[in-house]
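**Student:** I have a structure here, written as structure tokens, and I will follow up with some questions on it.
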2 protein chains.
Amino acid sequence: MSKFGMYAKFTAKPGEREALAAILLEAAAAAEPVQECELYIVNLSESEADILWVTEVWSSAEAHAASLALEATRATIQRAMPLIAGVEPVKLIPVGGKGLAFGSTAP
Amino acid sequence: MSKFGMYAKFTAKPGEREALAAILLEAAAAAEPVQECELYIVNLSESEADILWVTEVWSSAEAHAASLALEATRATIQRAMPLIAGVEPVKLIPVGGKGLAFGSTAP
């Protein structure tokens, strides 16, 4: 089964990027014990003041979808919503590289 | 010192995405022993047939810049160039999350 990857581009409301980053870092901490979540990195855009990107890799698209249905995830999203002007996902199929374990089977 | 992150969006020439992915996976393998390279993941776009994204995290912007100056990197870029229609970098400051080691100092 292919891994599932996503770059989630968050546009924070003006002045709210730091507060939004703090909530996303809490979400990352909550994902620490979740084996199916392989990567959840919070990034600031180097050039755009209101932009945050989250780099996610999950063991499968199903594992990602299941995480969105969890009560804890939904509560976090509710807290973050007032800080967010927009979200744009870039969906990816990770095929290999350094920093994650990839099996020998084709994606 | 802050880590350096980048999403590099490659547009392959028509029909060349698979060949380009193979070269990028070779670059990832070459980065395995490079301690300053913390992440180098090759991803296919889920929705766009000619698009590849590489997720990179380096220990610093300087470490990334130094890698680009290496002869092996330049040779790989030369081999990849005929397959590439365009490259767009998204530069990032990774601040925390799951899957990488982050120090306790602020970015």
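**Student:** What ranking of A:45, B:2 comes out by heavy-atom accessible area, probe 1.4 Å, highest first?
**Tutor:** On the way: A:45 5, B:2 45 Å².
Correct descending sequence by accessible area is B:2, A:45.
**Student:** What does the structure give for B:45-58 when I average, per residue, the other chain Cβ atoms found within 10 Å of the residue Cβ? All intermediate terms of the calculation are to be shown ahead of the outcome.
**Tutor:** Values: counts 5, 10, 3, 2, 0, 0, 2, 2, 6, 1, 11, 3, 6, 0.
Per residue, the average neighbour count from other chains is 4.
**Student:** Right, another one. Inter-copy label distances at residue A:50, 7 Å along the Cα→beta-carbon direction, one decimal in nm, shortest first?
**Tutor:** 3.2
**Student:** Note down the Stokes-Einstein diffusion coefficient of the range B:50-107 in µm²/s, whole number, using a Kirkwood radius over alpha carbon pairs, 10 °C, and 1.306 mPa s.
**Tutor:** Numbers: Rh = 14.0 Å.
After rounding, the answer is 113 µm²/s.
**Student:** Something else about it: Compute the label-point distances linking residue B:74 to its equivalents in the other copies; points lie 7 Å from Cα along Cα→Cβ; give nm, one decimal, shortest first.
**Tutor:** Distances between equivalent label points, in nm: 5.7.
**Student:** Charges only on Cβ, +1 for Lys and Arg, -1 for Asp and Glu: so what's the dipole of chain B about the Cα centre, in debye to the nearest 20?
**Tutor:** Numbers: 8 positive and 13 negative charges, 35 e Å.
Once rounded to the nearest 20, the dipole reads 180 debye.
**Student:** From the residues A:84, A:30, A:47, which one has its Cα farthest along the dipole of the range A:4-92 in the positive direction, the dipole being from +1 and -1 charges on Cβ of Lys/Arg and Asp/Glu about the Cα centre?
**Tutor:** The Cα lying farthest towards the positive end belongs to A:84.
**Student:** For residue B:83, what accessible area in Å² do you get when you roll a 1.4 Å probe over the heavy atoms of the protein chains, rounding to the nearest 10?
**Tutor:** Only protein atoms counted, so the area is about 20 Å².
**Student:** Could you go through the range A:82-98 in sequence order and give the Karplus-derived ³J(HN,Hα) for each residue, using 6.51 cos²θ - 1.76 cosθ + 1.60 with θ = phi - 60°, rounded to whole Hz, and x for Gly and Pro?
**Tutor:** Each residue of the range A:82-98 in turn: x, 9, 9, 8, x, 9, 10, x, 10, 8, 9, 10, x, 10, x, x, 9 Hz.
**Student:** By how many degrees, between 0 and 90 and to the nearest 10, does the Cα long axis of helix B:17-30 differ from the longest principal axis of chain B?
**Tutor:** 40 degrees
**Student:** Quote the relative contact order of the range A:4-92 in percent (integer), defining contacts as alpha-carbon pairs under 8 Å separated by 6+ residues.
**Tutor:** On the way: 143 pairs, mean separation 43.6, N = 89.
Averaging sequence separation for qualifying contacts and normalising by length gives 49 percent for the range A:4-92.
**Student:** Which far-off residues, 5 or more places away or on another chain, put their amide H under 5 Å from the one on residue B:38, with H placed in the peptide plane?
**Tutor:** Sorted by chain and number, the residues that satisfy this are B:57, B:58, B:59.
**Student:** Hey, could you pull the Cα Rg and Dmax for the protein assembly as shown, both in Å?
**Tutor:** Every Cα atom of the protein assembly as shown included, Rg and Dmax give 17.0, 51 Å.
**Student:** Per DSSP H run of n ≥ 4, the term is -39500 (n - 2.57); total these for chain B, divide by its residue number, and report the mean residue ellipticity at 222 nm rounded to 500 deg cm²/dmol.
**Tutor:** Working: 3 runs with 33 residues, N = 107.
Helices in chain B give a 222 nm mean residue ellipticity of -9500 deg cm²/dmol.
**Student:** Could you rank B:79, B:17 by how accessible they are, 1.4 Å probe, largest area first?
**Tutor:** Details: B:79 120, B:17 45 Å².
The ranking, largest first, comes out as B:79, B:17.
**Student:** What percent of all Cα-Cα pairs in chain B falls into each 10 Å bin, going from 0 up to the bin containing the maximum distance?
**Tutor:** 14, 46, 30, 9, 1
**Student:** Starting at the first residue of the range A:42-48, write each ³J(HN,Hα) from the Karplus equation 6.51 cos²θ - 1.76 cosθ + 1.60 with θ = phi - 60°, in whole Hz, x for Gly and Pro.
**Tutor:** With coefficients 6.51, -1.76 and 1.60, one gets 9, 10, 8, 5, 6, 10, 10 Hz.
**Student:** Along each principal axis of its Cα atoms, how long is the range A:1-57 end to end? Whole angstroms, biggest number first, please.
**Tutor:** Reported extents, whole Å, longest axis first: 39, 21, 15.
The values are calculated or read from the model by the stated rules, or taken from the named source; none is laboratory data. What you see is a predicted model; the values in this text were computed from it and never measured. A quick note on method: Cβ atoms are made from the backbone with ideal geometry, for glycine too, and the neighbour counts reach across all protein chains shown. Side chains included, ligands, DNA and RNA excluded: accessible areas come from the protein's heavy atoms. Shrake-Rupley method; radii C 1.70, N 1.55, O 1.52, S 1.80 Å.
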